[in-house]
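Worksheet: one structure, shown below.
The values are calculated or read from the model by the stated rules, or taken from the named source; none is laboratory data. Computed from a predicted model, the values in this text were never measured in an experiment. Backbone-built Cβ (ideal geometry, glycine too); neighbour counts: all protein chains shown.
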Amino acid sequence: MPPSPTPNAPTNLDELKELLKNDNKVKVAGVDVDGVLRGKIMSKDKFLSTVKGDGFGFCSTIYGWDIHDLAYTKELLVANWSNGYRDLWAVVDLSTYRRLKWEKDIPFFLCSFIVPETNERLVVDPRSLLEKVLGDQEGYKAMAGAEFEYFQYKETAQSLADKNFHNLKSLTPGMHGYSLLRPTLNQDYFHDLYDMAVDFGIEVEGHHTETGPGVFETALAYTDAARMADNACLFKLVAKSVGMKYDIMPTFMAKPWGDLPGCSGHIHVSLRDSNGRNIFAVTEEEEKSGGRKDAEYDDVKYLSKEAEWFLAGLLEGMPDVVPMFCPTINSYKRLQGGQAMWAPDTASYGYDSRAASVRILSGPGVKGYATRFEVRVPGADMNPYYALSAIFALGFRGIKNKTKLPYGPLNSPGVTRDTVKHLPTSLEGAVEAFMAKGSIAREVLGDYFVDHYGGTREHELEVWKKAVTDWEVARYFELV
């Protein structure tokens, strides 16, 4: 299921030529496993010929190295010495047409990748994986929203390198969530970030300070899940690009500092039918009469049976897909501390509960059309395509199997953090569960994807194990 088109997106070659009539070049990009955009500028003539010819060659190395362009510790499936790091076939998605206002208004398009030998979508390509997960489910339209929390510093790429990431200057001092004063200190940047995102086809629902020095939170408006993944990925590009204009560096690390709150990437999800009705909502009659009479728990009585099955599927499989939500070594520092830091470390749920991993937003407090789940495990460092793929794959599995809730909502009688499933507390544990034989991750995402992506996370662990940290030096250098 492809994303909904951006405003003014062309539907054919003639419309494309008209849009580009005053341009001489175009920027294109695909997405790697870390959610990083990898792309280049093409001449307009070359670009038009690739669209007419259904694609162009793009080096597969972007799936053969890590976030710092270091080749993976062991050869993985997509790009390796055995296949010569051969080209993939990049296919331009015309529905993603945008212009980079901060870069001389150059036209921009996203690409997806095809394996030349099979002419099939590359399953580890984040855009392709999500479209496959969504496309496998006829009759459902997946909807999503995303919220990002992120620290910001009065730094540049060069100053970070010069300082070796030490003694960074925060955008603003102090802890000021929802402050009306703090944004005025950097109001040109604050408003430019919002406006540039909207101009770039990313509708913003909310934009405010969050608790922590120099922290903003931006909520992206609800839309179809494939479009939301594009928007979430591209929002990071907008934030970093606009920041450069002001010598400001945003970071989407999950936990930049041990003594400050972490940065979440909460995801809201629901399903609609072909008529646009929210499938997660109870009927109007049930809503008027106080919810479903057959609901086992009060927290879910304003959820449809399909929503309850979706929730149960998500809870059952969540411990096996945590690398899709928390992809880095640092991700798990955010989860340590559980409820105290608003970051759940259990497979739990509850009505309007920010202590649970899945917050139910339904009646009586929420209208039926807005019924949804907020999945609170992902951090701001997530790859949004992978996170949404995992959520919907597990939810669809729950609907298919009519999975029952494994236990009651958090803090209901007999249910505490000690009696529910716990999530892995480290990347190592998460990868072990993810790659285990017979894991639910393998069932819903396939062995090829799990082996490749799991291998990239194993590489991350190997790099980490060889690192000597500042903490080790400060603790042991003099005294041992």
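Remarks
- Exclusive hit being assigned to a helix (DSSP H, G or I) and touching a residue at least 12 places away in the same chain (Cβ under 8 Å), set Ala226, Ala219: Ala226
- Of the candidates Gly145, Gly139, Gly177, the single residue that is closer than 28 Å to Met228 by Cα, in contact (Cβ under 8 Å) with a residue 60 or more places away in the chain, part of a loop (DSSP other than H, G, I, E, B) and not polar (S, T, N, Q) is Gly139.
- Conditions (1) at pLDDT below 95; (2) within 20 Å of the chain's Cα centre (by Cα); (3) of a type in the set (A, V, I, L, M); (4) assigned to a helix (DSSP H, G or I); number of the one not met by Met324: (1)
- Put simply, of Arg121, Arg127 the only residue that is surrounded by 20 or more Cβ atoms within 10 Å (Cβ to Cβ), basic (Lys, Arg) and modelled with pLDDT of 95 or more is Arg127.
- Annotation: of all residues in the stretch 258-306 being hydrophobic (A, V, I, L, M, F, W, C) and over 23 Å from Ala343 (Cα atoms), the one that is surrounded by the fewest Cβ atoms within 10 Å (Cβ to Cβ) is Ala295.
- Flag for Ala9 being closer than 30 Å to Gly139 by Cβ and part of a loop (DSSP other than H, G, I, E, B): yes
- The listed residue being in the same structural domain as Pro213 (by TED's automatic domain parsing), closer than 30 Å to Ser426 by Cβ and in a helix (DSSP H, G or I), out of Phe310, Phe373: Phe310
- Residue among Met196, Met244, Met253, Met249 that is more than 23 Å from Lys27 (Cβ to Cβ) and either buried (at least 16 other Cβ atoms within 10 Å of the Cβ) or at pLDDT 95 or above (or both): Met253
- Verdict on Leu315 being more than 30 Å from Phe151 (Cβ to Cβ), among the aliphatic types (A, V, I, L, M), assigned by TED's automatic domain parsing to the domain that holds Glu284 and modelled with pLDDT of 95 or more: yes
- Residue identified as among the aromatic types (Phe, Trp, Tyr) and more than 29 Å from Leu388 (Cβ to Cβ) among Phe190, Phe165, Phe252: Phe165
- Only listed residue being within 18 Å of the chain's Cα centre (by Cα) and not hydroxyl-bearing (Ser, Thr, Tyr), chosen from Gly262, Gly243, Gly258: Gly262
- Filter result for Lys404 (surrounded by fewer than 22 Cβ atoms within 10 Å (Cβ to Cβ), assigned to a loop (DSSP other than H, G, I, E, B) and in contact (Cβ under 8 Å) with a residue 12 or more places away in the chain): yes
- Which numbered condition Leu410 fails, given (1) of a type outside the set (Lys, Arg); (2) part of a helix (DSSP H, G or I); (3) more than 19 Å from Ala254 (Cβ to Cβ); (4) in contact (Cβ under 8 Å) with a residue 12 or more places away in the chain: (2)
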